[in-house]
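Down below is the structure, laid out as structure tokens.
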Amino acid sequence: MIYPWRRVAIELPGEACDQPMNIVLMGPPGAGKGTQADRLASVLGIPHISSGDMFRALMHQNTPEATEIRSYVDRGEYVPDRLTIDMVLARLNEPDARRGFILDGFPRTVPQAEALDHALKQQGRRLDCVLDITAPVPVLIQRILGRQGAEHRSDDTPQVVRTRLEVYNQQTQPVIDYYASSGRLLTIDGTRTVDEVREDVDRALALPTPRP
């Protein structure tokens, strides 16, 4: 598979961290993890790697893999582990991700989490923090449908939204348990304002408080 983000020089805003920081942001669709991931990427100078964004980029290719990925995404189902793991691990091997990364939407299954831990261990790396941003289902549905008109996303119809949330609860809860059992999980209340969530995220990562 040809990955469209390869061979592109990525210029990141902000300053690179003094020490590599490898972060996983978890949370159901609509919890706001993408907003926080973009901000952290700017503050820390490391890439925000969204599996959903990568899948949407690949879907525009005229390949059998792209057709397969499109069929899953349009139904609100998870893309199989074999495709997802290969895609994300290839992205983590790009030069800009070697000094740190923010993963958004990966891992979503225990096999993906295990594959990530194994790949990082082989490279002498590890996850520094796993943040789980949570919100009740009615709040999530309202947020997701609210962005539907602006982004024109085929995976944001009411039925697909419900399917995505059901799949998330079924398949991702074991991943949350996986990270909680190793003491790497911190939970953030995503129902509050963006600034309040930001403060909790920064506190969890021991980031300095911005000056007013």
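Please treat every number below as a calculation from the coordinates, not as lab data. Just so it is clear, the model here is predicted, and its values are computed rather than measured. Counting neighbours? That spans all protein chains shown, and the Cβs are built from the backbone with ideal geometry, glycine included.
Quick look at the numbers
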read-out	value
Residues whose placed amide H lies under 5 Å from that of I133, excluding near-sequence neighbours	M26, G27, I188
Cβ-based exposure ranking for H60, H48, in which fewest neighbours within 10 Å come first	H60, H48
Calculated from backbone phi, Karplus (6.51, -1.76, 1.60) coupling profile of the stretch 117-130 in Hz, x at Gly/Pro	4, 5, 5, 5, 4, 5, 9, x, 10, 7, 7, 8, 7, 10
